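**Q** Here it is, the structure in full.
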Amino acid sequence: MLQQQLTTLLAQTNIALTEKQQQQLVRYVELLTKWNKAYNLTSVRLPEEMMVKHIMDSLVVAPHLPGHHYIDVGTGPGLPGIVLAIALPNTHFVLLDSLGKRVRFLMHVKHELGLDNVTPVQSRVEEYQPSVKLDGVLSRAFASLQDMVDWCGHLIDHSGKFIALKGVFPSEELESLPTGVKFEQKIALEVPNLDAQRHLIILSKD
């Protein structure tokens, strides 16, 4: 059922995934559904809803990540980081969360799916120091743009990007950006079977 649903959803995008990648995404949804009962990792309960609201919602970002090293701050159960790591096997993702139960789940997913390109880390974002130069900081439903820039500014240099997954276009948040940060680009994202606006907001240091 989930495999068939994923195939149908992918057909509505320009994203091409191998059979193995599709199997990994299905297995991830199965693991998330199972662990969610005990750990309360997401308010979305039904696996077929997860496929749209979590998997496709994260997957549509993949074509817009040209770099090779990213950090997903406030990743929760691995959204968008796990999904993007499956779609982009040559790109490395640090998955950062302050809650131990989420990081334990991410370690389990990494092991189950054989994902060598993810590093789950339990830490507050303000205290984390990256061991490699990062191309970008990703956040999905994590914080306002102002907070993201304040908390994550130390993670990238002037060549790195702040990449925020947002719903409606956050015009008010963009108007109150702190000095030293500039708005680079907005990308309207189309998520199959999701009747809601989605935008990718890309910022950089001045």
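**Q** Across the stretch 168-179, what is the number of residues that are small (Gly, Ala, Ser) and touching a helix residue (DSSP H, G or I) at 6+ places or on another chain (Cβ under 8 Å)?
**A** Selection size over the stretch 168-179: 1.
**Q** Additional query: Mind listing whichever residues of the stretch 121-141 are surrounded by fewer than 16 Cβ atoms within 10 Å (Cβ to Cβ) and farther than 20 Å from Lys110 by Cβ?
**A** Matches in the stretch 121-141: Arg124, Glu126, Glu127, Gln129, Lys133, Ala141.
**Q** List every residue pair whose Cβ atoms sit under 8 Å apart, with the two residues 6 or more apart in sequence or on different chains, where the first one lies in the stretch 126-140 and is in contact (Cβ under 8 Å) with a residue 24 or more places away in the chain and the second, anywhere, is open to solvent by 100 Å² or more (accessible area, probe 1.4 Å).
**A** Asp135/Pro66; Asp135/His68
**Q** Take the conditions within 19 Å of the chain's Cα centre (by Cα), among the β-branched types (Val, Ile, Thr) and not in a helix (DSSP H, G or I) and apply them to Thr33. Does it pass?
**A** no
**Q** Something else: Output the residue which, of all residues in the stretch 100-120 that are in a loop (DSSP other than H, G, I, E, B) and surrounded by fewer than 19 Cβ atoms within 10 Å (Cβ to Cβ), is farthest from the chain's Cα centre (by Cα).
**A** Here the residue is Gly114.
**Q** Pull out all pairs, ordered by first then second residue, where Cβ-Cβ is under 6 Å, the residues are six or more apart or on different chains, the first lies in the stretch 88-105 and is within 15 Å of Val132 (Cβ to Cβ), and the second is assigned to a loop (DSSP other than H, G, I, E, B) and open to solvent by 50 Å² or more (accessible area, probe 1.4 Å).
**A** The qualifying pairs are Thr91/His68.
**Q** Keeping to the stretch 143-175, report how many residues are among the β-branched types (Val, Ile, Thr), open to solvent by 50 Å² or more (accessible area, probe 1.4 Å) and within 20 Å of Tyr70 (Cβ to Cβ).
**A** Of the residues in the stretch 143-175, 0 are among the β-branched types (Val, Ile, Thr), open to solvent by 50 Å² or more (accessible area, probe 1.4 Å) and within 20 Å of Tyr70 (Cβ to Cβ).
**Q** Condition test on Pro63, is it open to solvent by 70 Å² or more (accessible area, probe 1.4 Å), of a type outside the set (Asp, Glu) and part of a helix (DSSP H, G or I)?
**A** Criteria met by Pro63.
**Q** Take the residues in the stretch 3-17 that are in a loop (DSSP other than H, G, I, E, B) and open to solvent by less than 50 Å² (accessible area, probe 1.4 Å), then tell me which one is nearest to Glu49 (Cα to Cα).
**A** Thr13
**Q** Anything in the stretch 42-60 that is open to solvent by 30 Å² or more (accessible area, probe 1.4 Å) and within 11 Å of the chain's Cα centre (by Cα)? List them, or say none.
**A** Passing the criteria: none in range.
The values are calculated or read from the model by the stated rules, or taken from the named source; none is laboratory data. Everything numeric in this text was worked out from a predicted model, so none of it was measured. Neighbour counts are summed over all protein chains in view; Cβ atoms, including those assigned to glycine, are modelled from backbone coordinates with ideal geometry. Side chains are part of the model used for accessible areas, which takes the heavy atoms of the whole protein and leaves out ligands, DNA and RNA. Shrake-Rupley method; radii C 1.70, N 1.55, O 1.52, S 1.80 Å.
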